[in-house]
Amino acid sequence: MQINHDFTIQKVGASYVAVPVGETSKTFHGMVRLNETGAFLWKLMAEKDCTEEELVDALLAEYDVSREVAANDVHRIVEQLKQNNIFI
Amino acid sequence: MFVIELAGVRIRIENRYPFIERQCRDFMCEGEDAAFAVSVTNDEIVEEQKHGEFSDGYCESICLYRHICEELPSYNVFLMHSSVVEVDGYAYAFTAKSGVGKSTHTALWLKNIPNARVLNGDKPLYRLESDGSLTAFGTPWNGKENWGENISAPLAAICFIERGLENRITPATEDDVIGRLMHQLYLRGSRQSVTQQLMLMDALVRAVPYYVLECNISDEAALLAWNTMRKS
């Protein structure tokens, strides 16, 4: 999965907000709100095309969680982003 | 062509129709130097006319403000769709979904609160100051009631208005504030501009207290909001 380049993500208050820029802002109205983990994964997927497994590995390298928890988090966030139609 | 000053930023308006000149007359300033210039193409005016039966001059004005609001974040200034009332030197902002009754509630403030006057009824600008506070500024774009003046005041509080059978006001949580603000900010333009607007939004959520007001159309609704939001 790789995130559409036409998004920008920023920390707003305690959470993260991603919104479309340029041409995408004309067709995608709204925002994606993410927690710390979501924003971490978002940034990885914005840089390059990642599989869920690569994302789980990256999460495990960064946070002290079990593989099962990490896999669940990754799957949930990826599904949420799929529904928002923000992958290339 | 003429120059206006909005929220302390000098902007050159390169217009084709006279409509905007009349609209901006209270904001015009001397000289030709400006931070940036804005103009509108014929295609943009044609596109704007698809939204309704409006004159070329009116459509040009709408498009010019859109361009202005895409440039202003670089100067720590942003648009928030809201109605701002100034009372005794402080600005109180109301925002709501379209048609909920921002103007009605604003009118109730004017009727019930001594010294209240409308800073801008629809599209004011806000500037982030170096101490993290916000200042609200009047603009020539002030909604169909044409309520507004070329004045500014430090922002005291922001209130989200909803219709209710009874009047009730509660503090809004940050999570709630972010969701509600997204609909009222103008998050368009280049990557740099939108990123800057989100950084301003981060400052905005911290700058002032937020409330949700459920209200009916009554004098009590305005007094409840005023007594809760007022800066002592």
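Read the figures in this text as sums done on the coordinates, not as results from a lab. Worth saying up front: this structure is predicted, and the values here are computed from it rather than measured. Methodologically, a virtual Cβ is constructed for each residue, glycine included, from the backbone with ideal geometry; neighbour enumeration extends over all protein chains shown.
Measuring nothing but how far apart in sequence close Cα pairs (under 8 Å, 6+ apart) lie, relative to its length, the range B:158-232 scores a relative contact order of 59 percent. Each residue of the range B:86-100 is assigned a 3J(HN,Hα), and the resulting list reads 9, 9, 6, x, 10, 9, 10, 9, 10, 9, 6, 5, 4, x, 6 Hz, derived from the Karplus form 6.51 cos²θ - 1.76 cosθ + 1.60 (θ = phi - 60°), x at Gly and Pro. For chain B, find the longest principal axis of its Cα atoms and tell me its angle to the long axis of helix B:56-71, 0 to 90°, nearest 10. Once rounded, one gets 70 degrees.
DSSP loop (so not H, G, I, E, B), at most 13 other Cβ within 10 Å: list which GluC sites (Glu not before Pro) in chain A pass both filters.
A:E23
Counting only lysines at least 8 places from B:K144 when in the same chain, those with an alpha carbon closer than 30 Å to its own are A:K26, B:K50, B:K97, B:K102, B:K111, B:K123, B:K231. Distances between placed amide hydrogens fall under 5 Å for B:L155 paired with B:A91, B:L134, B:T135, B:A136, all partners being 5 or more residues away or on another chain.
Among A:L60, B:L165, B:L128, which comes first, then next, by fewest other beta-carbon atoms within 10 Å?
If I rank by nearby Cβ atoms, fewest first, I get B:L165, A:L60, B:L128.
Converting phi to 3J(HN,Hα) with the Karplus coefficients 6.51, -1.76 and 1.60 and the offset θ = phi - 60°, the range B:138-155 yields x, 9, x, 9, 10, x, 5, 6, 6, 8, x, 9, 7, 9, 9, 7, x, 6 Hz in sequence order, with x at every glycine or proline. Normalising by the residue count of the range B:1-75, find the relative contact order in percent from Cα pairs under 8 Å and 6+ residues apart. Taking the mean separation of contacting Cα pairs over the length of the range B:1-75, I get 32 percent.
Counting each DSSP H run of 4 or more residues in the protein assembly as shown as -39500 (n - 2.57), what helix-only mean residue ellipticity at 222 nm follows after dividing by all residues, to the nearest 500 deg cm²/dmol? Intermediate results must be reported in sequence, preceding the final value.
Numbers: 11 runs with 121 residues, N = 320.
Per the formula, -11500 deg cm²/dmol.
Summary of the geometry: the range B:129-159 and the range B:185-221, compared by the centres of their Cα atoms, lie 12 Å apart.
Residue by residue, the range A:19-25 carries 3J(HN,Hα) couplings of 9, x, 10, x, 4, 4, 5 Hz when phi is fed to the Karplus relation 6.51 cos²θ - 1.76 cosθ + 1.60 (θ = phi - 60°); x denotes Gly or Pro. Residue order for B:S218, B:S152, fewest other beta carbons within 10 angstrom first, comes to B:S218, B:S152. For the range A:3-85, chymotrypsin sites (Phe, Trp or Tyr not before Pro) meeting the loop criterion (DSSP other than H, G, I, E, B) and having at most 13 other Cβ atoms within 10 Å: A:Y63.
Legend: ranking of residues B:S98, B:S82, B:S55 from fewest to most surrounding C-beta atoms inside 10 Å; resulting order B:S98, B:S55, B:S82.
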